[in-house]
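Single-structure report; data block below.
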Amino acid sequence: MDARIAAVLNRLEERSKREQQELAELNNKGARFVREAAGRFMLDIGPDVGRLLNTLVRSLGARQVVEIGGSTGYSTLWFAEAARSTGGRVISFEIDTEKVKQMRQNLSEAGLSEYVEIIAEDASLHLPKMTGPFDLVLIDHWKDIYVRDFDLAWPKVRRGGIVVADNILIPEATREQMKAYQAHVQKAPGARSFTLSLGQGIEVTQRID
């Protein structure tokens with residue numbers, strides 16, 4: 001990884017560490033409190049999941065990566081760094097205008113802007129109109145609409161393609177919603193799905209037929 005990208009990732013990781021205590025306190029109060037304050041936080045996937053996503057892009061030779069919930073661009077950077085080597089592109093959905101601004105700045109600073117298309121609208125408005133195939137999809141936004149966006153993306157995922165959902169095990173405040181998501185994707189047609197206790201827990205769902 002080149003120095004420009006590493007520097008931006010390191011800066012964002014330091015910010016994330018500073019935010020963790022306040023986030024934990026809000027999660028202890030309930031998911032509503034996190035949602036009300038979400039604009040102030042990165043709400044990122046963390047470095048371990050970032051490295052996994054980067055590896056998946058490379059292993060799949062991914063040409064079309066879809067990110068539903070880009071936040072300030074931490075996961076986007078991991079995707080874009082790999083997509084640059086596969087000849088792919090990343091389509092990132094993020095509805096918070098201030099976070100979109102930060103994402104653009106971070107991508108520019110890392111020299112990765114040309115590999116990412118940012119759509120600053122609700123993913124549900126665009127996913128039905130998008131042409132596949134999708135090689136890799138990340139779902140990392142409001143937990144109550146994970147199932148909705150999985151169902152919109154799944155028909156466009158190619159055979160062998162993967163959907164990754166974050167925050168499956170943590171925080172406890174959204175655990176019941178995540179259990180419902182897990183049950184849903186494990187019954188999806190042509191799916192093989194499993195949970196990894198990486199970061200805050202991820203569900204990895206692969207299309208096998």
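The values are calculated or read from the model by the stated rules, or taken from the named source; none is laboratory data. Because the structure is predicted, anything quoted here is derived from the model rather than measured. Heads up, the Cβs are rebuilt from the backbone with ideal geometry, glycines too, and the neighbour counts pull from every protein chain shown. Keep in mind that these areas ignore ligands, DNA and RNA; they rest on the heavy atoms of the full protein, side chains included. Shrake-Rupley method; radii C 1.70, N 1.55, O 1.52, S 1.80 Å.
Structure data summary
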read-out: Dipole magnitude of region 1-154 about its Cα centre (Cβ charges: Lys, Arg +1; Asp, Glu -1), debye to nearest 20; value: 140 debye
read-out: Rotationally averaged projected area of region 46-89 (alpha carbon convex hull; nm²); value: 2.7 nm²
read-out: Accessible surface of region 90-209, 1.4 Å probe, proportion on carbon and sulfur as whole %; value: 52 percent
read-out: Ranking by accessible area, most exposed first, for SER193, SER108 with a 1.4 Å probe; value: SER108, SER193
read-out: Solvent accessible area, Å² - GLU176, 1.4 Å probe, full protein context; value: 130 Å²
read-out: Under-5 Å amide H pairs with SER92, H placed in peptide plane, nonlocal only; value: GLU67, GLU117, ILE118, ILE119
read-out: The chain, accessible area per residue, ligands and nucleic acids excluded (1.4 Å, Å²); value: 46 Å²
read-out: Per-selection metrics, region 2-91 (Cα): Rg and Dmax in Å; value: 14.5, 44
read-out: Karplus 3J(HN,Hα) series, Hz, for region 41-57 with 6.51 cos²θ - 1.76 cosθ + 1.60 (x for Gly, Pro); value: 10, 5, 6, 8, 7, x, x, 5, 5, x, 5, 4, 4, 4, 5, 5, 4
read-out: Cα-based convex hull volume of the chain per residue, rounded to whole Å³; value: 103 Å³
read-out: Aspartates and glutamates whose Cα lies under 20 Å from that of LYS129, excluding same-chain neighbours fewer than 8 positions away; value: GLU67, GLU94, GLU117, GLU121, ASP149, ASP151
read-out: Part-to-part distance (alpha-carbon centres) for region 138-209 and region 36-92, which is given in Å; value: 16 Å
read-out: Rounded FRET efficiency, nearest 0.05, which uses the C-beta distance separating ASP151 from ASN10 and R0 of 30 Å; value: 0.25
read-out: Cα gyration tensor category, rounded, prolate or oblate, for region 85-146 with a/c compared to 1.5; value: oblate
read-out: Percent antiparallel among DSSP beta bridges (both partners in the chain, rounded to 5); value: 40 percent
read-out: Volume per residue of the C-alpha convex hull in region 47-156, rounded to whole Å³; value: 92 Å³
